[in-house]
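The values are calculated or read from the model by the stated rules, or taken from the named source; none is laboratory data. Since we're looking at a predicted model, the values are computed, not measured. All Cβ positions, glycine included, derive from the backbone under ideal geometry; neighbour counts span all protein chains shown.
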Amino acid sequence: MKPGVINLFLLLVFAIQAGCRNDTSYGNTVLDGNYWKDQAINDILPYWSKYAMDSDSGAFTTNLDADWGSFSDSHKYPSMIGRHIFSYSVAYLMTGNEEYLDIAERTRDFLLEYAWDNENGGWYDVLNRAGTPEHKSKSMFIQTYALTGLAMYYFVTHDREALKYIEETDSLLEADLRDRVNEGYYNMAGNDWHIVDSNKSFASQVAPVSGYLLYMYLATGDTVYSDRSLKIMDYVSDRMRDPESGWILEYFDKNWNELKSDPDIINVGHNLEVAWMLLRLAMLNDAEKMPETALQLEDSLFAKAFKKETGLWHTTLGRKDPGITNDFTYWWIQAYGNMYSLCSYRISGNKERLDQFIKSAGFWDRYFLDRENGDTYTSVNLTGEAKDSTKANPYKTSYHSIEQCLLNYLYLNFWVNHKPVKLHFNIYKPRQGDLLFPIPVEDMNITVVDAQYVGSPGEGRPTYNERSVSLPEAESAKVIVTVENKFFTHRRRNP
């Protein structure tokens, strides 16, 4: 064979291989649960630790450009601080590396010391860099995501002080921001909890479910959190759904009259979030089929919002004309699409959903991860080029990427690869017989198959059942818990 022909042949081979990697064979990478764990530990968190931690004043810097340089103001937001607490707690949960838990604890300390209103309760909306309150209002969005971090920190540590703040905030939200006449939550209260914005938005209704209520139920087994989640999603389905298109809408007055958006668009990411929450609640109730609203949303989302040629999830759609879309998408929408696709696969068993996850996750891997500077781009255009390379802003932290890494790691091991997962806990001052609920997903088929102490309070195995671990009295109890899908455990043990 002549050299020119050989070179042409090799080029064709490389082209075919590259094409395969961009197709369903990409699943060899993204279907591996450890891919997502490694992404969290190697591609995302090291850069936040190195460039975003505020070593002078505490917590994390808010506004960071593509190269992790500071820009704009130096304000800090309790919601964003809470999201970082979530991320570092998750990193400890997956690895047992105490460096991550130390960062989570220091960030928690900053949140409790500076962001909490000691006179009226609740979290201030905005702090300056040093932690002095700049805006003392109490918006539902800020309250919710401050609790998100504390909920995951509590899941990993059972820290009673964190639990006290969670319960007190939750009581304030129910007492002062919940509409007791028409249901739902108002957008914002003033410093003393008088209502200053009685409208209702998507964020003030659904964010509590995805942000902390479900995680608190998983951490405590207390049905107050799951019952409220179900109640919220019921009125989201009944009152926030467009009767003509079936899409979940965004803005309402206190009486649930829609406030028209301009232009009249549908937020794909928020519709993904609703569909995902409905599936998680269905699993929690051991349902093997999707609720009506979830079924309707699934059909619309995959038909109209998912770009099957590339795996991209659109940002918006025209309400009347779904062909009207933005020319880019956000990192959080792509992450939600990935997690939602796996949950849809779990309940429906439809392999097409798994193939769509491979496409969507492949788009994430190729285009959203910034392999040169770390973490992810804020947004990319339809062909994958970075549109906004910002690393941090008042809405972007490590949280969405790390939550995706955790849940994809778990979902894939439990539902696709049928592998056990080891999770790490460092329980502060447990009392004899305290229960650790160690399963961070709603699937009732996932059970504890082993639990062991690490060091103090001694060697040997703690007692456990399918859903919980009974703890000893100790100053601390480091526990490694192995969890697994019992359906496949039983099948493997009894072929």
Residue list for the stretch 228-251, restricted to those being touching a residue at least 60 places away in the same chain (Cβ under 8 Å) and surrounded by fewer than 16 Cβ atoms within 10 Å (Cβ to Cβ):
D242
Going by the structure shown, is K320 in contact with a Leu (Cβ under 8 Å, 6 or more places away or on another chain), surrounded by fewer than 22 Cβ atoms within 10 Å (Cβ to Cβ) and of a type outside the set (D, E)?
no
Within the stretch 331-376, the residues that are among the hydroxyl-bearing types (S, T, Y), in contact (Cβ under 8 Å) with a residue 40 or more places away in the chain and touching a helix residue (DSSP H, G or I) at 6+ places or on another chain (Cβ under 7 Å) are Y336, Y340, S344, Y345, S360, T376
Scan the stretch 44-82 for residues that are assigned to a helix (DSSP H, G or I) and touching a strand residue (DSSP E or B) at 6+ places or on another chain (Cβ under 6 Å) and jot them down.
A52, P78
Can you tell which of G384, G337, G318 is farther than 18 Å from E273 by Cβ and modelled with pLDDT of 95 or more?
G384
Could you identify the single residue in N118, N128 that is surrounded by fewer than 16 Cβ atoms within 10 Å (Cβ to Cβ), over 21 Å from L407 (Cβ atoms), free of Cβ contacts under 8 Å to residues at least 60 places away in the same chain and touching an Asp or Glu at 6+ places or on another chain (Cβ under 6 Å)?
N128
Which of the residues that make up the stretch 359-387 are closer than 22 Å to Y399 by Cα and part of a helix (DSSP H, G or I)?
S360, A361, G362, F363, W364, D365, R366, Y367, F368
Which of the following residues is under 23 Å from M152 (Cβ atoms) and either surrounded by fewer than 16 Cβ atoms within 10 Å (Cβ to Cβ) or in contact (Cβ under 8 Å) with a residue 24 or more places away in the chain (or both): M290, M283?
M283
Would a scan of the stretch 135-143 turn up a residue that is surrounded by fewer than 23 Cβ atoms within 10 Å (Cβ to Cβ), among the charged types (D, E, K, R), within 22 Å of the chain's Cα centre (by Cα) and at pLDDT 95 or above?
no
Kindly provide the set of residues from the stretch 408-433 that are charged (D, E, K, R) and at pLDDT 95 or above, ordered by number.
K419, K422
Taking E273 as the residue in question, decide whether it is assigned by TED's automatic domain parsing to the domain that holds W331, of a type in the set (D, E) and buried (at least 20 other Cβ atoms within 10 Å of the Cβ).
yes
Conditions (1) in contact with a Leu (Cβ under 6 Å, 6 or more places away or on another chain); (2) free of Cβ contacts under 8 Å to residues at least 60 places away in the same chain; (3) more than 15 Å from L213 (Cβ to Cβ): number failed by I166
(3)
Only one of these is closer than 23 Å to T62 by Cβ, assigned by TED's automatic domain parsing to the domain that holds L45 and over 23 Å from the mean Cα position of the chain (by Cα): D176, D117, D125. Name it.
D117
Name the residues in the stretch 414-428 that are of a type in the set (K, R) and either in contact with a strand residue (DSSP E or B) (Cβ under 7 Å, 6 or more places away or on another chain) or surrounded by 21 or more Cβ atoms within 10 Å (Cβ to Cβ) (or both), would you?
K422
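Here's the yes/no breakdown for (1) in the same structural domain as A275 (by TED's automatic domain parsing); (2) farther than 23 Å from F488 by Cβ; (3) at pLDDT below 95:
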position	(1), (2), (3)
L312	yes, yes, no
I324	yes, yes, yes
T329	yes, yes, no
W332	yes, yes, no
L354	yes, no, no
